[in-house]
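Q: To start, I am sharing the structure in question, which I have written as structure tokens.
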Amino acid sequence: MPDPAAGDPDRENWAGTVERWRHDVHPGRHEAVVVAPFAALEEAPLAATTPEQWRRRLEMPFSVGFAALQLAAATCADGGAIVLVVDLPSALDASGHATTVAAAEGLMAAARALAHSEGGRGVRVNAVTTSVRTSATLSRPLKGTPPALTTFPGAIDREVAGAVRALLAPDAGGVTGQVLHADCGRTP
Amino acid sequence: MTRTVVVSGASGGVGRGIALACARAGWEVWIAARRPEEGEAVAAEMSAAGGIGRFAHCDVTDPGEVAALMRQIGEASGQLHGVVHNATSGRSSLASPFGELTAEAVDDHLAVALTGLYLLARESFPLLVGTQGAVVVTTSEAGFEGKAQRAAYGAVKAAQRGLVRVLAQEWGPAGVRVNCVAPLAASPAMNRAFERDPATAARVLGRIPLGRLGDPADDVGPVVRFLLSDEARFVTSQTIMVDGGSCVIS
């Protein structure tokens, strides 16, 4: 996957890089596809974010994330399932994470569109959100009502992976176009 | 109270309707547009409607032009109470299967809807702090439900809402409010979409409880004007659906 932190930020060049990647990668057909695109995860108030930082932290990751969903659709076998995993802090914890939140919300909407697009061949598309990585710099105590679970923010290889497995499983056969917040109840 | 606001994407449709609603209240309305002929004409309409219409050339995807826009407003008007970001990509009404969207097309949607919002917000913030002003973003119900044939448009509209929620958190302490409206109104873009596909017209109109599309100036504009006014001084981080009840998610 093209790396927004290292890629050429020129619009035409980056678009070309993303297109070539999408069309040149041939991972075969699979019943389960997990899409976990890059997130900048750098904290800064939006008013202090420079256009160059915006490009690296939002525009470039967003375009490659969108392409990753397109690739996932091309890779997923009929009747399979796709899960998008995105970093998304709860609204109360979102200050300083404007680019992360905007990219996550946009890609989740794209996943919902993909659910409609691919549903005709039985492919389910859902999303899981996590605040594991964005919670690293949160001040304590947390604003507002504490998360329902004291294990907040959870762990990628436990709570997040568990939610992904659940959505890929046959038991979730009637679930598509949905978002699961695997953040221990922090997001209401 | 006379307020000064700037509206992007106000050459026609919803943007023009919002500007008109503000002008009817006697406000000073800056029309930020790329095409001077259209922008000047709309500014003149605002003056004729009882407001003070002004035009400023601005491509909202260009950092230099947005910075220049805010300098111009600051120098000419001395104040800014509100920013309305309505501009979207010219591809917004185009249907395209998900897999056929190019990176260039996605980038175009992103540049106008989201980067434009970022630049307008960033450059207007100092002026808005001075007036405890407000930002309103025109999002869309397309960003709620997911549109198979307009995935990039829906994605950037959802991203706008995310950005608005964060800005509301970051700017609240400074007294600046940030909200969205999600209109479903008659517009040139809507008309083009209906002409291309009559089934779209039947589908869209059939799900609206109020049985019609909204009027940009009489239905959508007043809601935006409310959000920009002191009457909404305790409203921030919200999305108001102005869609006749069409969207079942809010």
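The values are calculated or read from the model by the stated rules, or taken from the named source; none is laboratory data. Not measured: the values here are computed from a predicted model. Glycine also receives a Cβ, built like all others from the backbone with ideal geometry; neighbour counts cover every protein chain displayed. The accessibility values were calculated without ligands, DNA or RNA, using every heavy atom of the protein model including side chains. Shrake-Rupley method; radii C 1.70, N 1.55, O 1.52, S 1.80 Å.
Q: Does residue A:23 fit the bill of being of a type outside the set (S, T, N, Q), more than 10 Å from chain B (Cβ to nearest Cβ), out of contact with any Asp or Glu (no Cβ under 9 Å at 6 or more places or on another chain) and free of Cβ contacts under 8 Å to residues at least 40 places away in the same chain?
A: Yes, satisfied.
Q: Also, quick follow-up: Answer yes if at least one residue in the stretch B:231-239 is under 15 Å from residue B:137 (Cβ atoms) and of a type outside the set (S, T, N, Q), and no otherwise.
A: Yes, the stretch B:231-239 contains at least one residue that is under 15 Å from residue B:137 (Cβ atoms) and of a type outside the set (S, T, N, Q).
Q: Restricting attention to the stretch A:109-127, and to residues there that are touching a helix residue (DSSP H, G or I) at 6+ places or on another chain (Cβ under 9 Å) and within 7 Å of chain B (Cβ to nearest Cβ), which single residue is farthest from residue A:142 (Cα to Cα)?
A: A:117
Q: Given the condition of a type in the set (Lys, Arg), in contact with a helix residue (DSSP H, G or I) (Cβ under 9 Å, 6 or more places away or on another chain) and closer than 17 Å to residue B:182 by Cβ, answer yes or no: does some residue in the stretch B:119-128 qualify?
A: Looking for residues that are of a type in the set (Lys, Arg), in contact with a helix residue (DSSP H, G or I) (Cβ under 9 Å, 6 or more places away or on another chain) and closer than 17 Å to residue B:182 by Cβ, one finds none in the stretch B:119-128, hence no.
Q: May I pose another question? Limited to the stretch A:42-70, what total is found for residues that are part of a helix (DSSP H, G or I) and either over 18 Å from residue A:25 (Cα atoms) or more than 9 Å from every other protein chain (Cβ to nearest Cβ) (or both)?
A: Qualifying residue count for the region: 17.
Q: Follow-up question, since we're still on this one. Go over the candidates A:91, A:104 one by one and state the one that is touching a residue at least 40 places away in the same chain (Cβ under 8 Å), surrounded by fewer than 24 Cβ atoms within 10 Å (Cβ to Cβ) and of a type in the set (A, V, I, L, M, F, W, C).
A: Selected residue: A:91, the only one of A:91, A:104 that is touching a residue at least 40 places away in the same chain (Cβ under 8 Å), surrounded by fewer than 24 Cβ atoms within 10 Å (Cβ to Cβ) and of a type in the set (A, V, I, L, M, F, W, C).
Q: Kindly indicate whether residue B:143 is part of a helix (DSSP H, G or I), open to solvent by less than 10 Å² (accessible area, probe 1.4 Å), more than 8 Å from every other protein chain (Cβ to nearest Cβ) and more than 21 Å from residue B:28 (Cα to Cα).
A: Here the answer is no, as residue B:143 does not meet what is asked.
Q: Go over the candidates A:78, A:93 one by one and state the one that is more than 8 Å from chain B (Cβ to nearest Cβ) and at pLDDT below 95.
A: Step by step, each of A:78, A:93 is checked, and only A:93 is more than 8 Å from chain B (Cβ to nearest Cβ) and at pLDDT below 95.
Q: Could you please find all residues in the stretch B:98-132 being part of a loop (DSSP other than H, G, I, E, B) and either among the polar types (S, T, N, Q) or open to solvent by 50 Å² or more (accessible area, probe 1.4 Å) (or both)?
A: Listed by number, the residues that qualify are B:102, B:132.
Q: Can you work out which of the residues in the stretch A:140-180 that are within 14 Å of chain B (Cβ to nearest Cβ) and under 22 Å from the mean Cα position of the chain (by Cα) is least open to solvent (accessible area, probe 1.4 Å)?
A: So, considering only residues that are within 14 Å of chain B (Cβ to nearest Cβ) and under 22 Å from the mean Cα position of the chain (by Cα), the one least open to solvent (accessible area, probe 1.4 Å) is A:177.
Q: So which residues in the stretch A:97-130 are in contact with a strand residue (DSSP E or B) (Cβ under 7 Å, 6 or more places away or on another chain) and part of a loop (DSSP other than H, G, I, E, B)?
A: Hits for the stretch A:97-130 are A:122, A:123.
Q: Do we find that residue A:39 is open to solvent by less than 60 Å² (accessible area, probe 1.4 Å) and either within 11 Å of chain B (Cβ to nearest Cβ) or without any contact (Cβ under 8 Å) to a residue 40 or more places away in the chain (or both) in this structure?
A: Spelling it out, it is not the case that residue A:39 is open to solvent by less than 60 Å² (accessible area, probe 1.4 Å) and either within 11 Å of chain B (Cβ to nearest Cβ) or without any contact (Cβ under 8 Å) to a residue 40 or more places away in the chain (or both).
Q: Quick one: residue A:33 ticks every box in (1) open to solvent by less than 40 Å² (accessible area, probe 1.4 Å); (2) outside any loop (DSSP other than H, G, I, E, B); (3) out of contact with any strand residue (DSSP E or B) (no Cβ under 7 Å at 6 or more places or on another chain); (4) not aromatic (Phe, Trp, Tyr) bar one, so which box is it?
A: Going through the list (1) open to solvent by less than 40 Å² (accessible area, probe 1.4 Å); (2) outside any loop (DSSP other than H, G, I, E, B); (3) out of contact with any strand residue (DSSP E or B) (no Cβ under 7 Å at 6 or more places or on another chain); (4) not aromatic (Phe, Trp, Tyr), residue A:33 breaks only (3).
Q: Where in the stretch B:146-239 are the helices (runs of 4 or more DSSP H), entirely inside, with at least 1 residues that are away from chain A (no Cβ under 14 Å) and open to solvent by less than 10 Å² (accessible area, probe 1.4 Å)?
A: Counting at least 1 such residues, we get B:221-228.
Q: Might you let me know whether the stretch B:85-104 holds any residue that is at pLDDT 95 or above, within 17 Å of the chain's Cα centre (by Cα) and farther than 18 Å from residue B:189 by Cα?
A: no
Q: Consider residue A:131 carefully, then state whether it is touching a residue at least 12 places away in the same chain (Cβ under 8 Å), more than 11 Å from chain B (Cβ to nearest Cβ), within 17 Å of the chain's Cα centre (by Cα) and farther than 30 Å from residue A:23 by Cβ.
A: So residue A:131 fits the description; yes.
Okay, residues lined up against (1) touching a Gly at 6+ places or on another chain (Cβ under 8 Å); (2) surrounded by fewer than 19 Cβ atoms within 10 Å (Cβ to Cβ); (3) part of a loop (DSSP other than H, G, I, E, B); (4) not charged (D, E, K, R):
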| residue | (1), (2), (3), (4) |
| --- | --- |
| B:43 | yes, no, no, yes |
| B:55 | yes, no, no, yes |
| B:67 | no, yes, no, yes |
| B:73 | no, no, no, yes |
| B:83 | yes, no, no, yes |
| B:92 | no, no, yes, yes |
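Q: For the stretch A:60-88, name all the residues that are touching a Leu at 6+ places or on another chain (Cβ under 8 Å), over 15 Å from residue A:112 (Cβ atoms) and crowded, with 24+ Cβ neighbours inside 10 Å.
A: Passing the criteria: A:62, A:63.
Q: Is there a residue in the stretch A:14-26 that is open to solvent by 40 Å² or more (accessible area, probe 1.4 Å), assigned to a loop (DSSP other than H, G, I, E, B) and of a type outside the set (Gly, Ala, Ser)?
A: Yes, the stretch A:14-26 has at least one match.
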